[in-house]
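Each remark here refers to the structure printed beneath this line.
What follows draws every value from the coordinates through simple rules; no lab data is involved. Source: prediction; values computed, not measured. Cβ: placed from backbone, ideal geometry, glycine included. Neighbour counts: every protein chain shown.
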Amino acid sequence: MNKTLKLLIISDIFVFSGFGLIGPILSIFINDHLVGGSITAAGLASAIFIITHAVLQIIFAKIFNPKDRRWMLIVGTFLTILIPFGYIFLTNINQMYLVQFIHGLGASFAYPSWYSLFTSNLEKGKRGLQWSIYSSMVGVGTALTAYAGAWLAEITSFQLVFGLAGAMGVIGLLSIFFIDKKAARKV
């Protein structure tokens, strides 16, 4: 497996595992700790992220080309890792909606560029294996942190868990900077 694939996998392990910390607790946080929060509001917050991401990623993938992948990945990942830090300061549901929109915007930049970069660096004859390695490593990391995040939130605070998730995301972002610019332009 080449260096670019390894760095992309490392990045996603940290970013997605960070979000794994908060996945099981986010609806509870919205319902119990935000003015105007409810289970329905948690669903709407999730929908705002998904719809923003779904619509904008198509537009960004159409506008930008392979030479833009690296900066798109950096900008998108940066916006994405701000999200857990943003959760620390939320007081009402409207702020959550804004943060979820920013999350969708970040994902719209990061996902198409990440997938394109990963796909262009797969080794012929090993593509299925390399995708499986990625999926398994990210899945295991996210599963372990899902339990850890719920446990930590129960014994400490939501803010600590959000901070840890953001810190993990920072590590994921930093690994992207080691991707060679030439490899990022590979078609």
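Mind running the shape call on the range 128-187? Use the C-alpha gyration tensor, a ≥ b ≥ c as the square roots of the eigenvalues: rounded below 1.5 for a/c, prolate if a/b tops b/c, oblate otherwise. The shape class here is oblate. Can you tell me which of H53, H33, H103 moves the most in a GNM of the chain? Springs connect C-alpha atoms under 10 Å apart. Its mean-square fluctuation being the largest, the pick is H33. About its Cα centre, the chain has a charge dipole of approximately 1120 debye under the convention of +1 per Lys or Arg Cβ and -1 per Asp or Glu Cβ, with nothing else charged.
Let me make sure I get this right: for the range 41-81, a, b and c are the square roots of the gyration tensor eigenvalues over alpha carbons, sorted descending. Under 1.5 in a/c it's rounded, otherwise prolate if a/b > b/c, else oblate. Which is it?
Numbers: a/c = 5.91, a/b = 1.80, b/c = 3.28.
Oblate, because a/c is 1.5 or more while a/b does not exceed b/c.
Cα centroids of the range 7-71 and the range 102-127: 15 Å apart.
For the chain, which semi-axes, largest first and in whole Å, follow from the square roots of 5 times the eigenvalues of its Cα gyration tensor?
30, 19, 13
When Y147, Y97 are arranged by Cβ crowding within 10 Å, least crowded first, meaning fewest neighbours, the order is Y147, Y97. For F89, F64, the sequence from fewest to most other C-beta atoms within 10 Å is F89, F64. Report relative contact order for the chain in percent, whole number only (criteria: Cα-Cα under 8 Å, sequence separation at least 6). With pairs under 8 Å counted, the relative contact order is 46 percent.
Tell me the Kirkwood hydrodynamic radius of the range 80-153 in angstroms, computed as one over the mean inverse distance between distinct C-alpha pairs. Before the final figure, lay out each step's value.
Numbers: mean 1/r = 0.0669 Å⁻¹.
Its Kirkwood hydrodynamic radius stands at 14.9 Å.
In this simple spin-label approximation, V140 and K186 carry label points 7 Å from Cα along the Cα→Cβ vector, and these lie 2.4 nm apart.
Subtracting the Cα-Cα distance of K62 and T119 from their residue separation scaled by 0.36 nm leaves 18.8 nm. Can you give me the span-like helices of the chain, meaning DSSP H runs with 24 Å or more of Cα extent along the axis and Kyte-Doolittle mean at or above 0.0? Counting only whole DSSP H runs, the qualifying helices are 3-22, 39-63, 69-88, 93-120, 127-155, 158-176.
Each of R127, R69, R185 was scored by other Cβ atoms within 10 Å of its Cβ. Arranged with the fewest first, they read R127, R185, R69. Positive end of the dipole of the range 1-124 (Cβ unit charges, origin at the Cα centre): among V99, G36, I58, the Cα lying farthest that way belongs to I58.
Suppose the chain between K126 and W151 were pulled fully straight at 0.36 nm per residue; how much longer would it get relative to their current alpha carbon spacing?
Working: separation 25, 0.36 × 25 = 9.00 nm, distance 3.78 nm.
Length gained between K126 and W151: 5.2 nm.
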